[in-house]
1. Hey, in the GNM for the chain with a 10 angstrom Cα cutoff, which one of Pro64, Pro107, Pro82 fluctuates hardest?
2. Once you've got the GNM for the chain with C-alpha springs shorter than 10 Å, pick whichever of Asp114, Asp62, Asp79 has the biggest mean-square fluctuation.
3. Just to be sure I understand the model, the point goes 7 Å from the Cα along the line to the Cβ. What's the resulting Ile54 to Phe86 distance in nm?
4. With viscosity set to 1.002 mPa s at 20 °C, what whole-number translational diffusion coefficient in µm²/s follows for the chain from Stokes-Einstein and a Kirkwood radius over Cα pairs?
5. Once label points are set 7 Å from the Cα along Cα→Cβ at both Ser34 and Arg67, what is their separation, rounded to one decimal in nm?
6. Cross-link partners among lysines for Lys57, C-alpha distance below 29 Å, same-chain residues fewer than 8 apart left out?
7. What stretch of the chain, leaving out the sites themselves, is the longest with no chymotrypsin sites (Phe, Trp or Tyr not before Pro) in a DSSP loop having at most 15 other Cβ atoms within 10 Å?
Amino acid sequence: MRIDKYLWHTRYFKTRSISSNAVKKGQVKIEGVSVKPSREVYPGDQIELRKNQINYKLEVLDLPKSRVGAKLVDIYRKDLTPKEAFNNVEMVKYAKDYYRKKGTGRPTKKDRRDMEEYLGEDENQTE
């Protein structure tokens with residue numbers, strides 16, 4: 001079975017074309033080597049997949065005949081992704097919450113003054 005089909009069948013990608021594009025971009029590796037979408041996958045292969053800033057690692061256990069339901073995916077692959085990969089994404093998400101919300105525009109004068117006060121900068125800087 002082709003790698004792009006396998007990733008689509010096991011629900012890593014919503015469509016086969018998205019799966020194929022990810023493989024073409026080099027986001028998918030088999031045994032540490034970037035591959036083409038037409039590369040055949042066999043049971044026992046180790047796949048590395050980068051998606052949504054997470055490096056997934058999986059082992060192919062079996063090849064599905066067609067796209068399978070989410071509950072049946074574990075029959076065809078073994079997820080070897082370390083827990084730290086998911087924790088790193090959570091930390092990045094919380095780090096982004098520190099900054100202003102998207103779409104709130106530029107800081108106001110009050111916001112600027114509050115930032116200067118917090119950072120301890122002089123209010124009356126003269127050159």
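FYI, it's all coordinate maths here, none of it is from the lab. Please read these numbers as outputs of a predicted model, since none were measured by experiment. All Cβ positions, even for glycine, are placed from backbone atoms using ideal geometry, and neighbour counts span all protein chains on display.
1. Taking springs between Cα atoms under 10 Å, the residue moving most is Pro107.
2. Asp114
3. Result: 0.7 nm between the two label points.
4. On the way: Rh = 17.7 Å.
It comes out at roughly 121 µm²/s.
5. That separation, rounded to one decimal, is 2.8 nm.
6. Lys5, Lys14, Lys24, Lys25, Lys29, Lys36, Lys65, Lys71, Lys78, Lys83, Lys93, Lys96
7. Maximal segment without exposed cleavage sites: 1-97.
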